[in-house]
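The values are calculated or read from the model by the stated rules, or taken from the named source; none is laboratory data. Since the structure is predicted, the reported quantities are computational estimates derived from the model, not experimental observations. Cβ: placed from backbone, ideal geometry, glycine included. Neighbour counts: every protein chain shown.
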Amino acid sequence: MLRHIVSNEIFTILLVLGLVIVALAKLTAPRRFDDFIMVLANDKYLKIYSRDQKFFDKFDALLFTNLILSVSVFCFIVFKHYASVQNISGNTMFKLTFSIGVFILIKVLTERLIGSLFEIDKLIDQYVFQKISFKNYLGLLLLPVNALLLYSFQPTLPLIYGIISVLLIINIIGLISSFKTHQSLIKHNLFYFILYLCALEIAPYVILYKVFISD
């Protein structure tokens, strides 16, 4: 009986592409990349680069692209464990990656629009920058994690839960850091900020959860 061989070719391509994108980000802004790597240890990166925000930032765009690729690969690893699926077509992987990218982009653009409507542009812009910075950091961490799960370790339920827990903790650290940095602005705009959190930080994920549960 022939042993079924699982092909990871598409994931190898995505992992290599992610590494290339991260390398390009480092080449584009070496000092900024070094500061970015230390974002969990201190707030130097957030303080310096939040002042020079642009609507389109090449450095953030590169790391954001890696985030989308890394999250897509990790989502399939989790899905493969639960659904016992061995392989995935390139078309399906493209749809998954595209959907994740569109979801995050729409969410960010909507956040900026809400900030304009509530006239708290400065608060929301800085908050979104810090939040995206921590999410991009998660994308960086997922590169080696995905490689280990695909080629070294057999994913298990406790391992998956452990990784997700670490990612959530880092995300929470990012949110707390943002709240501490802008606590004075948040206090003066508390009502609008609570509306923002309910509408754009909680509701989208509740809707996604309901959609997946119903399926």
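Look at ILE21 and say whether it is part of a helix (DSSP H, G or I), surrounded by 13 or more Cβ atoms within 10 Å (Cβ to Cβ), in contact (Cβ under 8 Å) with a residue 24 or more places away in the chain and in contact with a Leu (Cβ under 7 Å, 6 or more places away or on another chain).
When the stated conditions are applied, ILE21 passes them.
Would you pick out the residues in the range 31-50 that are at pLDDT 85 or above and surrounded by fewer than 20 Cβ atoms within 10 Å (Cβ to Cβ)?
Listed by number, the residues that qualify are ARG31, ARG32, PHE33, ASP34, ASP35, ILE37, MET38.
I'd like to check something: does the range 51-59 contain any residue that is at pLDDT 85 or above and either out of contact with any Ser or Thr (no Cβ under 6 Å at 6 or more places or on another chain) or assigned to a helix (DSSP H, G or I) (or both)?
Yes, the range 51-59 contains at least one residue that is at pLDDT 85 or above and either out of contact with any Ser or Thr (no Cβ under 6 Å at 6 or more places or on another chain) or assigned to a helix (DSSP H, G or I) (or both).
Which residues, counting only those in the range 117-132, are without any contact (Cβ under 8 Å) to a residue 40 or more places away in the chain and assigned to a helix (DSSP H, G or I)?
Result: LEU117, ASP121, VAL128.
Can you tell me which of ILE160, ILE114 is part of a helix (DSSP H, G or I), modelled with pLDDT of 80 or more and more than 16 Å from VAL39 (Cβ to Cβ)?
ILE160
Here are the criteria: (1) surrounded by fewer than 18 Cβ atoms within 10 Å (Cβ to Cβ); (2) within 30 Å of PHE79 (Cα to Cα); (3) of a type in the set (Ser, Thr, Tyr). Tell me which single one THR181 does not satisfy.
(2)
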